[in-house]
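One structure is given below, encoded as structure tokens.
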Amino acid sequence: MVTNKHVLSWVEEMAALTCPDKIVWIDGTEEQAEALRAEACSTGEMIKLNEEKLPGCYLHHTAINDVARVEHRTFICTSKKEDAGTINNWMDPAECYEKLGKLYKGSMKGRTMYVIPYSMGIVGSDFAKYGIELTDSIYVVLNMLIMTRVGTNVLEALGDSDDYIKGLHAKADLDEENRYICHFPEDNTIWSVNSGYGGNVLLGKKCFALRIASYLGRKEGWMAEHMLILGVEYPNGEVKYISAAFPSACGKTNLAMLIPPEVLKKEGYKVWCVGDDIAWLRVGADGRLWAVNPENGFFGVAPGTNEKSNPNALYTCLKDTIFTNVCHNLDENTVWWEGLDNNPPANAKNWRNEDWDYRTYDKANKVQTAGAHPNSRFTAKAINCPCLSKEFNNPAGVPISAIVFGGRRAKTAPLVYQSTSWQHGTFVGSIMASETTAAAAGAVGVVRRDPMAMRPFTGYDMGDYFAHWLNMGKNIPNAPKIFHVNWFRTDAEGNFIWPGFGDNMRVLLWILARCEGTVDADLTAIGYVPKAEDINIEGLDITIDTIRDLLSVDVESWKEDVENIKAFYAQIGERVPAEMYEELAALEARLG
Ligand code: OXD
Ligand code: MN
């Protein structure tokens, strides 16, 4: 029985707007979830997959015009435009409520409204924040049950408080022209309409745990970041934790679930996954920075996931998983995607649910010809991950030794470098960037600046966000050291030089050795760079000269980058802190 009057009156108000035929409260029980799965299968919203090969797994197809996050239709609605900043789209809150109100009006007629009480973080912990999502999609309910902690215990923990994030989602007509993902950070509210794609409709994830949470973090003195969290276990059993931010398509989930190379595994090194996408960070009583993963599952990109790139992810999605927009193997009633193996199914439906002949696949035109959409996903439970950290459910989180930023750069960034201070590290994060690859449409090698990988996810002005980072640094007596990595340097023929994947562990070990103060480094114009001999290359088909090459600082391309950074800071505008300009000027001077 729900007694919280704030919740009851809000649900009533939203129901009066959307007019559902009925309202169902999600209680988190397996019985209710199972009944919803059966209902979704009976209407064709989901397909039950082969119970022997993929127990508890389902397949879902989104509308073909609705397969990814829509940054151009994502808005931050603060009362003052300046507070949303120049990088975000902004709409006046009153105008937005009115505009979307019209789209919601009567949109749930003939449908059911599901009320999902959920927690980001462990219910009752200091880190936890609560949300309620109203949705007319069973698919959303079933995904939220995997991605967050859902149930009546959330309402009990909330008590009579109105301190929760109010999320309203309606599929409406899935009309692209009227698709909106809107955030009202001053009202703890998220409104999403006309989409059914995960990143736009699982409101606990990007909308709450990053955009709204980053706003709350600034107000309350903590940080919400687009970061994976992993633990490196040493042969003596000690575990050190790293959090790392990468733009999309840089292998975040793979790094989070890394398997060390044979030589290190034999010595007893292990890696444990705490999270693959989002970290909430707070200063602990011991003066260290502590992190939790506020999610409870993984919403990972399927294509490219295989036995070599990420066996742990593959294993994680063998049961209790919802697959979205992958290829359906009709003979086996299983799933397939490009990059899984070299055996595409002969009798299959593609991500659009049309008959598919794998021989028509053209790499240059993936969206049209692939079996699985390039952004097809698996929604899988964290507890099914073989390398899940035993601290995953620790309400206190894990202490972070190193923060790592990364990008995809063909030349500019070396394999790894370390910042010289928190302020310099904040600068390094602020200039993060990735170059577009031939795999994506548009020009190759165009630099997209993506500060801290938060460009699409900061719920306020980017300059204020940098200032928040600087302030946090002043309040963390034992702050993590800050690093930058680049797995993607290429040779003259455009081939990747560094092997990547599990071998990235070799770089993580150098990073942690720096945090422990047990290894030396060379100070360069951009920061501390390893001495080549300190990167362990045992068992690798790579010479120390190649490592030297990977660690070299290409002064000319950095000078070009400085110009690009200046333009980007100018675009962010006047709230970029003076300290960032100081760091930029110092870098320019050091480059000569
Ligand atoms: C994601 C993203 O889906 O960053 O995690 O785009
Ligand atoms: Mn992400």
Unique match (being of a type in the set (Phe, Trp, Tyr), in the same structural domain as Ile132 (by TED's automatic domain parsing) and under 21 Å from Ser107 (Cβ atoms)) among Tyr197, Tyr215, Tyr164: Tyr197
Qualifying residues in segment 299-319 (those that are in contact with a Cys (Cβ under 7 Å, 6 or more places away or on another chain) and within 20 Å of Met144 (Cβ to Cβ)) - the one nearest to ligand 2 (Cβ to nearest atom): Thr316
Condition check for Ile23: assigned by TED's automatic domain parsing to the domain that holds Arg149, surrounded by 14 or more Cβ atoms within 10 Å (Cβ to Cβ) and assigned to a loop (DSSP other than H, G, I, E, B): no
Boolean, Ala382 is closer than 20 Å to Ala586 by Cα and under 18 Å from the mean Cα position of the chain (by Cα): no
Residue identified as within 16 Å of ligand 2 (Cβ to nearest atom), assigned to a helix (DSSP H, G or I), touching a Gly at 6+ places or on another chain (Cβ under 8 Å) and under 18 Å from Trp290 (Cβ atoms) among Ala224, Ala213: Ala213
Every residue from segment 27-41 that is part of a helix (DSSP H, G or I) and either closer than 19 Å to Pro117 by Cα or not assigned by TED's automatic domain parsing to the domain that holds Thr148 (or both): Glu30, Glu31, Gln32, Ala33, Glu34, Ala35, Leu36, Arg37
Count of residues meeting criterion [out of contact with any Lys or Arg (no Cβ under 9 Å at 6 or more places or on another chain), outside any loop (DSSP other than H, G, I, E, B) and farther than 14 Å from Asn296 by Cβ] in segment 383-399: 1
Residue selected from segment 227-249 under the condition surrounded by fewer than 21 Cβ atoms within 10 Å (Cβ to Cβ) and within 12 Å of ligand 2 (Cβ to nearest atom), by the criterion nearest to Gly131 (Cα to Cα): Ser248
Close pairs (7 angstrom Cβ cut-off, 6 or more residues apart or separate chains): within 22 Å of Glu574 (Cβ to Cβ) in segment 68-91, small (Gly, Ala, Ser) and within 16 Å of ligand 2 (Cβ to nearest atom) anywhere: Ile76/Gly459
Which listed residue, of Ala521, Ala467, Ala453, is farther than 20 Å from Met580 by Cβ, assigned by TED's automatic domain parsing to the domain that holds Gly287 and either within 16 Å of ligand 1 (Cβ to nearest atom) or of a type in the set (Gly, Ala, Ser) (or both): Ala521
Check on Gly124, assigned to a loop (DSSP other than H, G, I, E, B) and in contact (Cβ under 8 Å) with a residue 40 or more places away in the chain: yes
Some residue of segment 503-512 being within 16 Å of ligand 1 (Cβ to nearest atom) and crowded, with 17+ Cβ neighbours inside 10 Å: no
Of all residues in segment 164-210 being among the acidic types (Asp, Glu) and outside any helix (DSSP H, G or I), the one that is farthest from ligand 2 (Cβ to nearest atom): Asp173
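Each row is one residue, and each column tells you yes or no for (1) within 28 Å of Ser434 (Cα to Cα); (2) touching a helix residue (DSSP H, G or I) at 6+ places or on another chain (Cβ under 8 Å).
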position: Pro303; (1), (2): yes, no
position: Lys308; (1), (2): yes, yes
position: Asn347; (1), (2): no, no
position: Asn350; (1), (2): no, no
position: Asn375; (1), (2): yes, no
position: Ser419; (1), (2): yes, yes
Residues that are modelled with pLDDT of 95 or more, within 16 Å of ligand 2 (Cβ to nearest atom) and out of contact with any helix residue (DSSP H, G or I) (no Cβ under 7 Å at 6 or more places or on another chain), drawn from segment 250-272: Ala256
Residue in segment 71-94 that is touching a Leu at 6+ places or on another chain (Cβ under 7 Å) and surrounded by 15 or more Cβ atoms within 10 Å (Cβ to Cβ) present: no
Hits in segment 341-364 - residues which are in a helix (DSSP H, G or I) and either under 17 Å from Ala68 (Cα atoms) or of a type in the set (Ser, Thr, Tyr) (or both): Tyr358, Thr360
Segment 193-220 residues that are farther than 13 Å from Thr458 by Cβ and modelled with pLDDT under 95, paired with ones that are within 13 Å of ligand 1 (Cβ to nearest atom) and assigned to a helix (DSSP H, G or I) (beta carbon under 6 Å, 6 or more apart): Gly199/Lys206
Qualifying residue in segment 325-338 (condition: more than 24 Å from the chain's Cα centre (by Cα) and loosely packed, with under 15 Cβ neighbours inside 10 Å): yes
Flag for Gly494 being more than 16 Å from ligand 1 (Cβ to nearest atom) and either surrounded by fewer than 16 Cβ atoms within 10 Å (Cβ to Cβ) or among the β-branched types (Val, Ile, Thr) (or both): yes
Arg377 being within 16 Å of ligand 2 (Cβ to nearest atom), over 22 Å from Asp503 (Cα atoms) and surrounded by fewer than 23 Cβ atoms within 10 Å (Cβ to Cβ): no
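The values are calculated or read from the model by the stated rules, or taken from the named source; none is laboratory data. This one's a predicted model, so the numbers in the text were calculated from it and none came from an experiment. Please note: Cβ atoms are built from the backbone with ideal geometry, for glycine as well, and neighbour counts cover all protein chains shown.
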